[in-house]
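Structure first, commentary second.
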Amino acid sequence: FDRGFRRDEAKMLAADLSISCRSRRYDRWLPYVVCMILVWPVGCPLSMLLVLWSYRSRLNPAIEVDDKAEANDMSEPGSGAPSTQDDVSAIEFERERHRIAMQQFAKVRKRNEDGHLRSIQFLYE
């Protein structure tokens with residue numbers, strides 16, 4: 001707020017000249033104002049962090065991993081098998097990326113099916 005102008009050491013609030021900035025009424029609001037300055041920019045994000053932290057196991061659920069990979073026969077020439085070691089490495093790399101993506105997809109699906117998270121869904125989506 002604009003604390004107004006100085007006229008003979010009288011400080012008045014520019015928005016309402018009936019409020020003196022040197023009055024007790026004005027001074028009584030100072031602790032509340034300081035408290036709210038801390039609550040809004042610090043307290044609100046902190047409370048959201050605490051809520052998300054308390055639901056962390058539901059937000060990032062554990063899933064069962066199926067390690068049974070299908071056998072891939074790359075021994076026959078001309079069957080589309082990779083011809084160089086670089087090709088084999090690239091295929092293994094892409095398979096690992098796909099496996100990780102599918103795990104994340106399964107976690108998101110499981111999280112979306114959890115009814116306990118509906119009330120805080122706005123915090124993480």
Charge dipole of the stretch 22-68 about the Cα centre (unit charges at C-beta), most positive-ward option of VAL33, CYS44, ASN60: VAL33
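Could you order LEU38, LEU52 so the one with the most accessible surface comes first? Probe is 1.4 Å. Spell out each step's value before the answer.
Values: LEU38 105, LEU52 45 Å².
Output order, biggest surface exposure first: LEU38, LEU52.
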Solvent-accessible ranking of MET36, MET12, largest area first, probe 1.4 Å: MET36, MET12
Solvent exposure, largest accessible area first (probe 1.4 Å, DNA, RNA and ligands not counted), of ILE91, ILE120: ILE91, ILE120
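The values are calculated or read from the model by the stated rules, or taken from the named source; none is laboratory data. Predicted, not measured: the structure shown is a model, and the values here were computed from it. Cβ: placed from backbone, ideal geometry, glycine included. Neighbour counts: every protein chain shown. SASA here: full protein model, heavy atoms, side chains in, ligands and nucleic acids out. Shrake-Rupley method; radii C 1.70, N 1.55, O 1.52, S 1.80 Å.
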